[in-house]
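Structure first, commentary second.
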Amino acid sequence: MTSSAPEHSENPADSIDLPKSWDPSAVEAELYRSWVDAGYFEADATSGKPPYSIVLPPPNVTGSLHMGHALDHTLMDALSRRKRMLGYEVLWLPGMDHAGIATQTVVEKQLAADGKTKEEFGRELFIDKVWDWKRESGGTIGGQMRRIGDGVDWSRERFTMDDGLSEAVQTMFKRMFDDGLIYRAERLVNWSPVLQTAISDIEVKFEDVEGELVSLRYGSLDDSEPHVIVATTRAETMLGDTAVAVHPDDERYKALVGTTLEHPFTGRRIPIIADDYVDPEFGTGAVKITPAHDPNDFEMGVRHSLPMPSIMDKAGRIADTGTQFDGMDRFEARVKVREALAEQGRVVAEKRPYLHSVGHSERSGEPIEPRLSLQWWVKVDTLAKAAGDAVRNGDTVIHPKSQEPRWFAWVDNMHDWCISRQLWWGHRIPIWYGPDGETVCLGPGETAPEGWEQDPDVLDTWFSSGLWPFSTMGWPDATADLEKFYPTGVLVTGYDILFFWVARMMMFGTYVGADDAITAGKQGPQVPFRDVFLHGLIRDQFGKKMSKSRGNGIDPLDWVDRFGADALRFTLARGANPGADMSVGEDHAQSSRNFANKLFNATKFALMNGAAPADLPSRVELTDADRWILDRLDQVRAEVDAAFDRYEFSKACEALYHFAWDEVCDWYLEIAKVQFADDAVAATTRGVLGNVLDALLRLLHPVIPFVTETLWKVLTGGESLVIAEWPTPASESSDPVAAQRIEDMQRLITEVRRFRSDQGLKPSQKVAARIVGVSEADLDGQISAVTSLARLTEPAEDFAATASVEVRLSKATVVVELDTSGTVDLVAERARLVKDLAAAEKELAQTNGKLGNEAFLAKAPDAVVDKIRTRRTIATEEIARISARLESMGT
């Protein structure tokens, strides 16, 4: 039966307001601008809707968007967009971190290019110059966030150094100081001699370096007299040695414990002490102790009340040792001390090169110097316990749960936190010193007496960013935003900074959680976020960590330029499993771009055939295919909802990808073409297709907002998917009988297609066929789709089958008898198969060669080896298939 065509122009494409093909670069910028201009992302604190909030982990003001950022932002945007569609009042609050060390370094380098230093300007003028830089050049990442589609509330954008957040920082410092949680003490820190400041653990990167291991002798040079041999990779630090330690049960040294040996350069007496920390099986069983320049030695020095002389100044030069080495750079002194020891006959052994791990400054690149320094500290024991208890009690839930032990291992064993930095750019410590040694901590609005001087140090950037969830909403004031949107719904971040940033936010959040400004209208103390979702690291396509040294990093904006923002986002979300690393490469981005193109072409085809969302009759009045696709839509929606609620973005994306590509495009669209030709069902088919695409585009919108918005507005005439409703469950129950019929139909068509392919038939070539057993298999209603999709025609009266395909289905076996005579050029087909066989055999030989090469296997990454094994398997199967086909053709 033929159908009457939908009322379109002669060329249906003329009436469809879509371009010929999907070009992201022509759409994305203007589309994003329209969302912002419409105010879709602005949150209303007076709304009666349930709240949902996320605070963006503030990127550095000096930074540019990298793949880690792109992943974070994609996942947060997906969560925010979905919640908005579910009817929540959504606040996704953006902002930037002042990045103390990084920003000061950038501006100092600019001054150095002009032959100037910050000291020439003085502190106040230099800070003015940093603000000038921030206004002119900072915040590049904001524009990049717009390019990937971040649906943040730009009207609430914050900066960690703006007035409101500065007041919050000062308030927090004073409160903790008054509570005895902040104190000043001389302790060991990570010291950067280049930057001349303490730096945090997260700014220390460990690298394997080739150094030296020098074994030196303390005590007598006569083997019969008391002496001890120790080893070190930093010979210069022996100038600060104040003890030699051995294990208390080590019989070799029991007679020496409690005695002293003379230092070879300073002349001071070095005690030999016993401590359980020493491993008697390692080396000689004796270790030198330099409390002012090694973390473990410092702890031992505290236990044994050892002197702790610092032997280096702020620039890493030897100082105050009273030896010939004073004034030398630490690396020069390392050589000179070793040479001087050798001259005395005290160097017992040297191992060079000696590979060992050394901490380096992430900012300046030089080896970090553990150094005893007078700094400000946070006493963390009660704060860390509260942060741990918040997770133990279920107030905050970590996803995945497998990360909880790491959380507890950290917060339950946390050391006091060094919060001072020897910089000019940052929140200056609000401590003032009087002329007679007085000390006072000032809060916001308080002023110091005339003649008092403020502490010169600034706070660690992590101090201000630790207040981010509530300071950005107006704390310490009681604000409408705090009342509506705090605590936040979720923190999305990588597991690699779980301890550095998340722990600090939890400590601060639980510390102020009982404030009136925080608890207004809420029950009990509050935590900064209900959920913590920890994703893994992004690695390259071979599973290697991305780094500048490897040159394997990917610029996400390059992918946006080449493949579109949706392709970048879908690639990252599709790989995001809780706590698991992901490997990405250009082929993943190309696949995601192809998916966007597939959606575009499918929707455009549907529109050209009159598809549109519609009120449908009861499902019992629909075709099996219609009922099947609507049931599958319901099932996929439920899968996607469950996955999103568990932060299983990969599962949500996989479900949507395969539903869209494998079921909607590969099957239902093809069946719809058949149904369009039947006037009895054509109209409802257009409605079903319209409804399915409408729901599918809504479900995909949180992850790929640009292509879905473009298509949905044309399909439905709606205002915007940003404010559209999320698909809801259907009121009708599923139809398993229809699903089974469609499954049987798909299997039958697939087997016929496989036979056609094996026979070398062109996809477009029709073949006469007789189908036996249709009624017994309950497929009478699917026969039109079977013949159309399998490219079969009605048999003529003189039909004679030359081949058959037998397919066992759920209710019966169906036999498809085919007449392939005259459809295949046997000579040409044999030649093609022989050529394909040779290619497959060559591939098998090459892969066997590589897999049999031990040298290659020793160097090749596991991912590469796995790909070669897969290629070998495919080649083996291809050889078997082609050989069987050639045998069936005879001679």
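The values are calculated or read from the model by the stated rules, or taken from the named source; none is laboratory data. Predicted, not measured: the structure shown is a model, and the values here were computed from it. Here Cβ is always computed from backbone atoms with ideal geometry, including for glycine, and neighbour counts include all displayed protein chains. Quick note on the areas: whole protein, heavy atoms, side chains included, nothing else; ligands and nucleic acids left out. Shrake-Rupley method; radii C 1.70, N 1.55, O 1.52, S 1.80 Å.
Karplus couplings for the range 291-296 from phi (6.51 cos²θ - 1.76 cosθ + 1.60, θ = phi - 60°), rounded to Hz, Gly and Pro as x?
3J(HN,Hα) across the range 291-296, in whole Hz: x, 8, 9, 7, x, 5.
Take the residue pairs 835/859; 401/522; 401/545 and return only those whose Cα atoms are more than 30 Å apart.
From 835/859; 401/522; 401/545, over 30 Å: 835/859.
Return the long-range amide H neighbours of residue 792 (sequence gap of 5 or more, or a different chain), with a cut-off of under 5 Å between placed amide H atoms.
Residues meeting the amide H criterion: 767.
Pulled fully out, how much extra length does the chain show between residue 880 and residue 120, if you take 0.36 nm times their separation in residues and subtract their Cα-Cα distance?
Between residue 880 and residue 120, full extension yields an extra 265.6 nm.
Using packing as a proxy for protection, rank 172-179, 709-716, 614-621 so that the peptide with the highest average count of other Cβ atoms within 10 Å comes first.
Ranked from most to least packed, the peptides come out as 709-716, 172-179, 614-621.
For every helix of n ≥ 4 consecutive DSSP H residues, a contribution of -39,500 (n - 2.57) applies; sum these over the chain, divide by its total residues, and give [θ] at 222 nm rounded to the nearest 500 deg cm²/dmol.
Calculated at 222 nm, the ellipticity per residue is -13000 deg cm²/dmol.
Suppose every K and R has +1 on its Cβ and every D and E has -1 on its Cβ; what is the size of the dipole of the range 235-317 about the Cα centre, in Debye to the nearest 20?
420
Take each of the peptides 760-771, 80-91, average the number of other beta-carbon atoms within 10 Å over its residues, and list them starting from the highest.
Output ranking for 760-771, 80-91: 80-91, 760-771.
Under a straight-distance cross-link criterion of Cα-Cα below 26 Å, which lysines are reachable from residue 811, leaving out those fewer than 8 residues away in the same chain?
Of all the lysines, none pass the test against residue 811 - Cα under 26 Å, at least 8 places apart if same chain.
Which percent, to the nearest 5, of DSSP beta bridges fully inside the chain are antiparallel?
Rounded to the nearest five, the antiparallel share is 75 percent.
Taking θ = phi - 60°, what integer Hz values does the Karplus form 6.51 cos²θ - 1.76 cosθ + 1.60 yield along the range 393-406, in sequence order, with x for Gly and Pro?
7, x, 5, 10, 10, 8, 10, x, 4, 4, 8, 4, x, 5
Taking the solvent-accessible surface of protein heavy atoms with a 1.4 Å probe, what is the per residue accessible area of the chain in Å²?
Dividing the accessible area of the chain by its residue count gives 44 Å².
May I ask which residue of 518, 327, 221 lies farthest towards the positive end of the charge dipole of the chain, with charges of +1 (Lys, Arg) and -1 (Asp, Glu) on Cβ and the Cα centre as origin?
221
Please give me the summed charge of the neighbours of residue 471: other residues whose Cβ is under 9 Å from its Cβ, Lys and Arg +1, Asp and Glu -1.
Overall, the nearby charge balance is 0.
Going down the list 544/842; 598/762; 129/205; 314/544, which pairs span over 28 Å between their C-alpha atoms?
Checking Cα-Cα distances, 544/842; 129/205; 314/544 exceed 28 Å.
Around residue 520, with a cut-off of 14 angstrom between Cβ atoms, what is the net charge of the other residues, counting Lys and Arg +1 and Asp and Glu -1?
-3
With everything on Cα atoms, drop me the angle between helix 381-392 and the longest principal axis of the chain, reported from 0 to 90° to the nearest 10.
The angle comes out near 20 degrees.
Counting only protein heavy atoms and a 1.4 Å probe, tell me what percentage of the range 133-232's accessible area is made up of carbon and sulfur.
42
Would you grab the residues whose amide H sits under 5 Å from the one on residue 457? Only those 5+ places off in sequence or on another chain, please, with H modelled 1.01 Å from N.
Residues meeting the amide H criterion: 429.
In degrees from 0 to 90, rounded to the nearest 10, what is the angle of the helix 826-851 Cα long axis to the longest principal axis of the chain?
The angle comes out at about 20 degrees.
Nearest 10 degrees is fine. How inclined is helix 705-716 to the longest principal axis of the chain, computing both from alpha carbons?
Value to nearest ten degrees: 30.
Using Cα pairs closer than 8 Å and at least 6 residues apart in sequence, work out the relative contact order for the chain, in percent.
RCO, the chain: 13 percent.
Karplus couplings for the range 551-559 from phi (6.51 cos²θ - 1.76 cosθ + 1.60, θ = phi - 60°), rounded to Hz, Gly and Pro as x?
Coupling constants for the range 551-559: x, 10, x, 10, 7, x, 5, 5, 5 Hz.
Less than 20 Å apart at the alpha-carbon level, and either on another chain or at least 8 residues along: which lysines does that give for residue 351?
Result set, ordered by chain and number: 288, 336.
Computed FRET efficiency, Cβ-Cβ of residue 374 and residue 577, R0 41 Å: what is it to the nearest 0.05?
0.35
Leaving out ligands, DNA and RNA, and with a 1.4 Å probe, what % of the accessible surface on the range 379-466 is carbon or sulfur?
Here it works out to 52 percent.
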